[in-house]
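Take a look at the structure below.
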Amino acid sequence: SHSSSERVQVCPTVTERHSYDWGVNENVVPVELDIDWEPNVPAAVLLSNDDGQTALALNSSINDVDTRSVVFVWEGVRFASMGSPNDEALSGHRLYARGLDRIVRLGKVMSSELIAILEVQNSVHPQHEPAWFAGLTHHVLPLKECMVEVVADTLTIRRIEGSTLEAAAFALAR
């Protein structure tokens, strides 16, 4: 506890510093891909490290002659998650009516509320630069059992031999 003579300096809160109209123009558009993965049994593995890299490995499509794992590798990652909702609850996701309902594989969130929130969250840092967030992309991948969302600078897609766990680990180990 603080004595009555101590002064505690309180930093302004994010809401005191910024006023945004969150997500007004936010929408999801499909990203065209020339690669496919198994939608019903993706055996998805998401790995991230503190160097700003994230890898998502999925099983290749059963119709694909290339059986290597499909691996999404993001660089300059500011946010990565794998969690709810699954395919049966996807209509409950906040982006569902904003284009997520049309995404079969990979989507890109335009005017991302999440990127705006991350920028505001970081604004309390003494060396904060809003420009660091201007070039970020917010990707969404609805999978059978979960939703993957990543905010990062770049994305590349690779094919890597091994299980999805091995492939994701290899992608980050390079």
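Inspect the stretch 10-27 for any residue being over 21 Å from residue 173 (Cα atoms) and at pLDDT 95 or above and give the result as yes or no. Reasoning before the result, please.
Pass one, the stretch 10-27, residues over 21 Å from residue 173 (Cα atoms): 10-27.
Still in the running and at pLDDT 95 or above: 27.
Yes, there is a match, as at least one residue in the stretch 10-27 is over 21 Å from residue 173 (Cα atoms) and at pLDDT 95 or above.
I'd like the full set of residues that are open to solvent by 40 Å² or more (accessible area, probe 1.4 Å) and outside any helix (DSSP H, G or I), limited to the stretch 106-127.
108, 110, 111, 124, 125, 126, 127, listed by residue number.
For residue 61, indicate whether it is open to solvent by less than 40 Å² (accessible area, probe 1.4 Å), in contact (Cβ under 8 Å) with a residue 12 or more places away in the chain and in contact with a Lys or Arg (Cβ under 8 Å, 6 or more places away or on another chain).
no
Filter the stretch 137-151 down to residues that are under 8 Å from the mean Cα position of the chain (by Cα) and open to solvent by 10 Å² or more (accessible area, probe 1.4 Å) and give me whichever is nearest to residue 47 (Cα to Cα).
Among them, the one singled out is 149.
Could you please find all residues in the stretch 31-52 being out of contact with any strand residue (DSSP E or B) (no Cβ under 6 Å at 6 or more places or on another chain) and either open to solvent by 60 Å² or more (accessible area, probe 1.4 Å) or of a type outside the set (A, V, I, L, M) (or both)?
32, 34, 36, 38, 39, 40, 41, 49, 50, 51, 52
Scan the stretch 74-105 for residues that are crowded, with 19+ Cβ neighbours inside 10 Å, touching a Pro at 6+ places or on another chain (Cβ under 8 Å) and not in a helix (DSSP H, G or I) and jot them down.
103
Would you say residue 91 is touching a helix residue (DSSP H, G or I) at 6+ places or on another chain (Cβ under 8 Å), free of Cβ contacts under 8 Å to residues at least 12 places away in the same chain and more than 19 Å from residue 51 (Cα to Cα)?
Working: touching a helix residue (DSSP H, G or I) at 6+ places or on another chain (Cβ under 8 Å): yes; free of Cβ contacts under 8 Å to residues at least 12 places away in the same chain: yes; more than 19 Å from residue 51 (Cα to Cα): yes.
Yes; evaluated as a whole, the condition is true for this residue.
The values are calculated or read from the model by the stated rules, or taken from the named source; none is laboratory data. In this text, all values refer to a predicted model and were calculated from it rather than measured experimentally. Positions of Cβ are generated from backbone atoms using ideal geometry, with glycine treated the same way; all protein chains shown enter the neighbour counts. Side chains are part of the model used for accessible areas, which takes the heavy atoms of the whole protein and leaves out ligands, DNA and RNA. Shrake-Rupley method; radii C 1.70, N 1.55, O 1.52, S 1.80 Å.
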